[in-house]
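A short reminder: the numbers here are calculations on the coordinates, not readings from a lab. For clarity, every value in this text was computed on a predicted model and none was experimentally measured. Backbone-built Cβ (ideal geometry, glycine too); neighbour counts: all protein chains shown.
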C-alpha cells in the first residue's frame, strides 16, 4: 500500500510542478499572454458562429499547438540564459529557431482560423 501511496503522491507532486510551470509561462511571458488572449477571442468567435464539433477540434488542436510552442520556446530561453548569460551565437540561433517555430505555429493556426471563420462571417454579412 505504501508503494501505491508513494506513486500517487509523486504524480500529484508532478502535476503541481506542471501547474506552476503554466502559471510561470503566463505570468512572465508577454507573448504567451497575447497568445492566451487570442485563444479566448478565437473561442468566443467560434462560439458565436456555432462552429461544428470537428471545427472546434481543429481550432483546439491549433490553439494548443501555439501554446505548446510558446511554452517550449520559453523553457529553452530560460535554459539558454542559465547556461550562457553572455551572448553566444549558437545560443542565439537556438533561440531564433525556437521563436520561429512559435511564429510558424501561429501562422498555421491563423490559416485554420480563417478557413473555418471567414466563410461563416461572409455568410453573416452578405446573406440576403
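Worth pointing out:
- Single unsatisfied condition, residue 59 versus (1) surrounded by 13 or more Cβ atoms within 10 Å (Cβ to Cβ); (2) under 16 Å from residue 114 (Cα atoms); (3) out of contact with any helix residue (DSSP H, G or I) (no Cβ under 7 Å at 6 or more places or on another chain): (3)
- Among residues of the stretch 78-102, those that are surrounded by 14 or more Cβ atoms within 10 Å (Cβ to Cβ) and within 16 Å of the chain's Cα centre (by Cα), counted: 4
- Scanning the stretch 1-41 for residues that are farther than 17 Å from residue 69 by Cα and under 13 Å from the mean Cα position of the chain (by Cα) turns up just one, 40.
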